[in-house]
Structures are given as C-alpha cells and as structure tokens.
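Visitor: Can you read through this structure? Questions will come right after.
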Amino acid sequence: MKRPIITLLTDFGTRDHYVASMKGVILGINPRCSLIDITHDVRPQDIEEGAFILANTFSYFPKGTIHVAVVDPGVGGPRKPVLLVTRNYFFLGPDNGLLSLAAEADTVKQAMELTNPKFFLPRISATFHGRDIFAPVAAHLTLGIRPGVLGPKLESWVKLDLGEPVATGSGLTGKVFYIDAFGNVITNIREHQLLQFSRGRSLVIRAGTRSIRGLKKGYCEGRKGALMALVGSGGFLEISVREGSAQKTLRMRRGDKIKVVTD
C-alpha cells in the first residue's frame, strides 16, 4: 500500500516545539504517514501569505494528499476548525480564508466543521488547535475514516479576496500580493489578464517611480542588477532583479499599486 501523505504549512517557525508536536501526534496515530513540510516560515498571522503559498503548492502532490495549514490568529475564538474536501485533496485548517484559494481551485465537494471529539486529542488547548485538532484529524483521515463523521456539513466557508486587477482606458491596475525570499515582487495580475489587456501590444509596467518595458521569458534574459518583468512560475506578473532584490530596489510593500499600460 502507498504511504499516505500529509503536508504541513504554518507560521510556527522551526525554533520551537510546535511543528514537532504536530508531527508526533500524527505519527502516534499512523506511523506510516509521510510528512512533508511546505513551509513553517509564513509571516506570523499572515493569512494571505499562507494562502498564496498553499495555492501555489497543493496541486503538485499526489491525489489524496491531506494538506494541513495553520495560520490562525483567531485560535480559541469563534472561527471554526474545518475540513474542505475537493476533487483530489483534503484541506484541514481554520476557517479564516487560509484554505480557500487552494481548495476552490480544485473545486470543493464537501465542507465539514470539525466537532467530533473522538478524533481530537483528549485535552484541547485554546491556543494550539494545530496539535490538538488538525493533526489528529489528518492522521485519522489516513486510516480511512469518512469525512462525514467529523462534524456537520457547512454550506459556506470564509473566502479570501485577493482583489481583482482593474482595467480602465489608461491601463490595468493591480497590487503587490507577495514578496518571496529572493525579493521578487509578485502581483495579483494573472497571465491571462495581461494577454487580454495587451492584445498583442507592447507593455510597460509601472512600479513606484520606475517603468519597465516589455516582459522577459525568464530570469536569464535580464541584465545583472536591472529590473525586469515576467510571468512567474505561479502564473502571476512579477518584477525581479537578476541577482538582486526587486523589493529593495523599488522599496515596495504588499498592497502597493502596480500599473500596466501599453506602449
């Protein structure tokens, strides 16, 4: 039999005991699990960043993978712990929008609030549902329990709003949505939106006080230290600097405006 796969994405970091505790709970229930760390370096409480990383990662795992994501500033409050079952995957985490980009990209088939204590740890901390609820539920899913036994069905769940780029007569305006470890500035403008807007015309990308003409096909086409624009691996317009940091060059932050015009 194939080893079941559980991925973990959190803002816990690796200095403390949190991630290891979750792994210990899972392996205590099913020692055959393969545990894959997506990342534990999401900025603390940054739901949007975690959602973006999960949405750019989940589909590369085999069908049936259980994705556990915990970026949970509302832990212990009224937000629900949920399971979203999609065409190919299971997503476990807090109902705060963290799961929505990934789960909806794969089409949600079922949604459940996690309420059945039979599948939790005996004692539930108000501050660590990753260990006490999500980890044991994930492990039990690998043993074949039916999602329906975990709790009542949900008709709706919290959806994260990326904000759509706005097209006007003067251009296409988006925003910085993510900045990766290389300093690449990633926008919320998707490739198909660029193509629809450009209609074969040359593009100019305006970021802060700088203008970048045209799109590169890859980082290798840029000059060392120079700004360039391209469509990144996630399918979004990004601004980069070869062997440098676009974020430092432009001094941009999440939420800053990016405008695309035709030449």
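The values are calculated or read from the model by the stated rules, or taken from the named source; none is laboratory data. Quick caveat: nothing in here was measured; it's all calculated off a predicted structure. Cβ placement follows ideal geometry from the backbone for every residue including glycine, while neighbour counts extend to all protein chains displayed.
Visitor: Is it true that some residue in region 45-64 is closer than 18 Å to Ser21 by Cα and in the same structural domain as Tyr89 (by TED's automatic domain parsing)? Walk me through it before giving the result.
Guide: At the first step, the residues of region 45-64 found to be closer than 18 Å to Ser21 by Cα are none.
No, because not a single residue in region 45-64 is closer than 18 Å to Ser21 by Cα and in the same structural domain as Tyr89 (by TED's automatic domain parsing).
Visitor: Restricting to region 107-128, give me the number of residues that are surrounded by 13 or more Cβ atoms within 10 Å (Cβ to Cβ), within 22 Å of the chain's Cα centre (by Cα) and not aliphatic (A, V, I, L, M).
Guide: Within region 107-128, residues that are surrounded by 13 or more Cβ atoms within 10 Å (Cβ to Cβ), within 22 Å of the chain's Cα centre (by Cα) and not aliphatic (A, V, I, L, M) number 3.
Visitor: Starting from residues that are touching a strand residue (DSSP E or B) at 6+ places or on another chain (Cβ under 8 Å) and acidic (Asp, Glu), keep the ones in region 105-134 and report whichever is farthest from Tyr60 (Cα to Cα).
Guide: Among residues in region 105-134 that are touching a strand residue (DSSP E or B) at 6+ places or on another chain (Cβ under 8 Å) and acidic (Asp, Glu), the one farthest from Tyr60 (Cα to Cα) is Glu113.
Visitor: From the list Leu203, Leu195, exactly one residue is more than 24 Å from the chain's Cα centre (by Cα) and buried (at least 17 other Cβ atoms within 10 Å of the Cβ). Which is it? Spell out how you get there, then give the answer.
Guide: Numbers: Leu195 fails: buried (at least 17 other Cβ atoms within 10 Å of the Cβ).
Answer to the selection: Leu203.
Visitor: Hey, any hits in region 179-200 for a residue that's more than 27 Å from Ser59 (Cβ to Cβ), free of Cβ contacts under 8 Å to residues at least 40 places away in the same chain, not hydrophobic (A, V, I, L, M, F, W, C) and not assigned by TED's automatic domain parsing to the domain that holds Tyr60?
Guide: yes
Visitor: Can you work out which of the residues in region 45-84 that are buried (at least 20 other Cβ atoms within 10 Å of the Cβ) and of a type in the set (Val, Ile, Thr) is farthest from Pro117 (Cα to Cα)?
Guide: Checking each candidate, the answer is Ile53.
Visitor: Quick one: which of Ser240, Ser233 is within 22 Å of Ile53 (Cα to Cα), among the polar types (S, T, N, Q) and modelled with pLDDT of 95 or more? Before you say what the answer is, go through the steps one by one.
Guide: Working: Ser233 fails: modelled with pLDDT of 95 or more.
Criteria check complete, one pass: Ser240.
Visitor: Considering every residue within region 29-41, establish whether at least one is surrounded by 17 or more Cβ atoms within 10 Å (Cβ to Cβ), under 30 Å from Arg253 (Cα atoms) and aliphatic (A, V, I, L, M).
Guide: Yes, there is a match, as at least one residue in region 29-41 is surrounded by 17 or more Cβ atoms within 10 Å (Cβ to Cβ), under 30 Å from Arg253 (Cα atoms) and aliphatic (A, V, I, L, M).
Visitor: For a quick check of your reading of the model, give me the residue pairs whose first member lies in region 149-167 and is over 19 Å from Gly97 (Cα atoms), whose second is of a type in the set (Phe, Trp, Tyr), with beta-carbon atoms closer than 7 Å and at least 6 apart or on different chains.
Guide: What qualifies is Leu150/Phe119; Ala167/Phe197.
Visitor: Another question, if that's okay. Filtering region 150-160 down to residues that are part of a loop (DSSP other than H, G, I, E, B) and touching a Ser or Thr at 6+ places or on another chain (Cβ under 9 Å), which residue is farthest from Ala111 (Cα to Cα)?
Guide: So in region 150-160, the residues part of a loop (DSSP other than H, G, I, E, B) come out as 151-152, 154-160.
When the remaining residues are screened for being touching a Ser or Thr at 6+ places or on another chain (Cβ under 9 Å), the result is 151-152, 157-160.
On the way: Gly151: 9, Pro152: 8, Trp157: 8, Val158: 11, Lys159: 13, Leu160: 16 Å.
The residue in question is Leu160.
Visitor: Which residues, taken from region 152-175, are among the aliphatic types (A, V, I, L, M) and within 19 Å of Leu195 (Cβ to Cβ)? Outline the logic, then answer.
Guide: Taking region 152-175 first, the residues among the aliphatic types (A, V, I, L, M) are 154, 158, 160, 162, 166-167, 172.
Once the filter is applied, which keeps residues that are among the aliphatic types (A, V, I, L, M) and within 19 Å of Leu195 (Cβ to Cβ), region 152-175 yields Leu162, Val166, Ala167, Leu172.
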